[in-house]
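Written out below as structure tokens is the structure these notes cover.
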Amino acid sequence: MRAEICWRDTNTKSYASLIAQMFILGRGWSDAQISGIEMDGKNFDEILLLVEEAKRTGQWLVLAGHEMGNSGVQTTRLAMLKQLIEYVQDPANRIWIAPAGTVAGQLGK
């Protein structure tokens, strides 16, 4: 798993070129553009590895989940989410969280 980079490719042979013309960014699922990394069923240590790799490489990390709860298929665990929120809100960890459009707006600056 890896953090993802932003795309704005008008030559891609799919609906992505239309998205690139109409929007500042687009996000897919498990593809080569801005891909969401699944956080369902993962514990904090697994997600922390992804966060730290994204921080180390200066890339985006888009976490994607389905349901929120304590158990179940395709469920982001509330305990993990609580730990993640506490971690990223600590200024000492130097993590920037922002809406995707805000991040994309910073790319050309």
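The values are calculated or read from the model by the stated rules, or taken from the named source; none is laboratory data. A quick note: this is a predicted structure, and the numbers were derived from the prediction, not measured. Cβ: placed from backbone, ideal geometry, glycine included. Neighbour counts: every protein chain shown.
Exactly one residue out of VAL73, VAL62, VAL51, VAL88 is among the β-branched types (Val, Ile, Thr), modelled with pLDDT of 65 or more and more than 14 Å from the chain's Cα centre (by Cα): that is VAL73. Scanning region 64-77 for residues that are part of a helix (DSSP H, G or I) and closer than 14 Å to GLY36 by Cβ turns up nothing. Within the set of pairs 6+ apart or on separate chains, which have a first residue in region 32-52 that is more than 14 Å from ASN93 (Cβ to Cβ), a second that is acidic (Asp, Glu) and at pLDDT below 95, and C-beta atoms under 7 Å apart? Sorted first by the residue in region 32-52, then by its partner, the pairs are ILE34/GLU4; SER35/GLU4. Is it the case that SER30 is modelled with pLDDT under 70 and surrounded by fewer than 18 Cβ atoms within 10 Å (Cβ to Cβ)? Yes, satisfied.
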